[in-house]
1. Could you grab me the full set of residues in the range 375-433 that are assigned to a loop (DSSP other than H, G, I, E, B) and at positive phi?
2. Consider the range 373-385. How many of its residues are touching a residue at least 60 places away in the same chain (Cβ under 8 Å) and out of contact with any helix residue (DSSP H, G or I) (no Cβ under 7 Å at 6 or more places or on another chain)?
3. For the range 149-200: of the residues being closer than 17 Å to SER231 by Cα and basic (Lys, Arg), which is surrounded by the most Cβ atoms within 10 Å (Cβ to Cβ)?
4. Can you pull out every residue in the range 292-336 that is part of a loop (DSSP other than H, G, I, E, B), crowded, with 21+ Cβ neighbours inside 10 Å and among the small types (Gly, Ala, Ser)?
5. From the set of residues in the range 219-235 that are surrounded by 19 or more Cβ atoms within 10 Å (Cβ to Cβ) and closer than 23 Å to GLY349 by Cα, which is nearest to the chain's Cα centre (by Cα)?
6. Just to check your reading of the model, which residue among ILE179, ILE244 is more than 21 Å from VAL387 (Cβ to Cβ), touching a residue at least 40 places away in the same chain (Cβ under 8 Å), assigned to a strand (DSSP E or B) and aliphatic (A, V, I, L, M)?
7. Provide a single number: the residues in the range 413-427 that are exposed (fewer than 13 other Cβ atoms within 10 Å of the Cβ) and not polar (S, T, N, Q).
8. Looking only at the range 57-108, count how many residues are in a helix (DSSP H, G or I) and more than 30 Å from SER133 (Cα to Cα).
Amino acid sequence: MKKQYDYIVVGAGSGGVRFARLMASHGKKVCIVENNRIGGTCVIRGCVPKKLYVYASNFNDHLTDAKIFGWSVAKSKHKWKSLVEKKNREIARLNKIYIKNLNKAGVDIIHDHGSFVSSNSLFLKKKRKIIYSKKIIIATGSIPNYPNIPGSEYGISSDIFFELKKIPKKISIVGSGYIALEFAFLLKNLNYDVDLIFRKKTILNEFDKDIGSRVLNYAIKKGIKVFSETSLKKIKKTAKKTIILTNKKIIKTDLLIYAIGRTPNVQSLNLKNTKVILDKNYAIKVNKNSRSKDKNIYAIGDVTNRKNLTPVAIREAIILYNFLSGQKTNLKLDYNKVASAIFTQPEVGSIGYGENDLKKLNIKYKVLITEFNPLKYSFYKNKKSKVFIKIMYEPSSEKVLGIIYIGESAAEIIQSLAIIFQKNLYLDDLKQTIPVHPTSSEELVTII
């Protein structure tokens with residue numbers, strides 16, 4: 001007798017797990033198919049372990065600051081092995097919570113690889129059997145890219161980095177996006193020698209240009225060795241070193257990490273047996289209700305390449321559940337009102353449009369900018385990182401179109417701003433606000 005479900009969810013990341021739990025709690029028969037650990041990229045090999053590593057790296061700056069403020073601090077040394085062991089324990093704890101919550105909701109967990117036989121059925125590779133469902137949700141996320149060059153196998157992806165129990169002193173990172181920059185800063189702050197290699201003149205090119213220029217400047221000030229306009233040609237391996245041949249020079253390193261973007265994880269799903277259509281970047285094309293071109297198949301999260309952030313995947317899952325279950329709700333998702341953060345030192349927070357977006361969309365705008373030395377660094381002879389605030393607004397209505405904040409605790413600050421940003425924010429709202437003094441973020445109010 002064939003196994004029949006109301007919903008099969010392929011992929012047990014944050015989005016897939018949330019949808020499965022909600023729908024099972026609604027009384028539907030649901031299973032989730034995952035061939036890796038439950039929790040997905042963010043929990044297992046992404047945001048969560050990354051942030052734990054960032055916390056560890058920040059203590060280097062805290063110790064330096066402590067000396068400036070009169071503390072006598074003994075020489076310190078970081079133990080990578082200890083950090084990894086504690087990180088692994090925390091990830092294991094979160095993994096168990098995800099499994100517990102799925103079981104509590106009544107979701108069948110299938111640890112296997114699933115590929116499509118038809119729009120309503122999946123073949124399970126390990127179990128060698130087919131399961132059936134009225135509807136199938138694809139939530140398989142994305143996988144890291146490798147360069148298409150000879151010897152690329154001598155480098156590792158960002159996913160594998162989080163599994164390393166020990167790392168060498170000299171590390172080269174390839175990439176110009178936020179993952180590459182976060183890795184570069186955290187490793188440098190943990191006292192490793194770091195190279196940053198990227199093809200263009202600039203970094204963080206998907207963001208406002210003022211973000212990339214400042215973060216690159218801080219990377220250089222940190223002592224990260226920057227190789228701009230540098231393309232990889234070939235990778236070689238010797239007994240002791242990894243040799244990186246580029247268009248400019250030869251770079252020798254102990255560990256090579258690729259952070260050159262990610263691709264929707266669809267290659268092994270056998271989508272040719274469905275009516276699902278992919279775009280040029282292999283993302284599943286979906287409509288506003290997350291339905292693919294196949295009426296029985298929906299997709300959420302990074303596999304659709306709409307806004308590749310974990311909270312967005314979770315919100316897409318909730319909205320899809322409401323739609324399929326007929327729940328009436330005012331819950332919406334405006335991708336232009338989603339805040340994001342880059343955990344470099346200093347942090348970057350942003351929400352809404354950057355200047356690059358506004359120019360592409362031909363939207364008229366004006367800009368307010370302030371940049372200053374925060375009070376915390378008053379005792380430094382050579383000032384550390386400045387706080388940078390940039391507000392883009394529509395000239396006639398003075399509606400705020402975008403905000404950028406670079407400085408300590410930027411992620412926490414932009415999260416607070418995101419709340420009021422949902423209801424539309426105007427310059428007058430900032431004018432009416434009494435600042436909290438003395439803080440760096442009070443300049444969001446006094447900038448006008």
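1. Across the range 375-433, the qualifying residues are GLU398, SER409, ASN424.
2. 3
3. ARG199
4. Hit for the range 292-336 is SER292, nothing else.
5. Only one residue tops the list, namely ALA219.
6. ILE244
7. Total meeting the criteria: 2.
8. Number of matching residues: 26.
The values are calculated or read from the model by the stated rules, or taken from the named source; none is laboratory data. Source: prediction; values computed, not measured. Backbone-built Cβ (ideal geometry, glycine too); neighbour counts: all protein chains shown.
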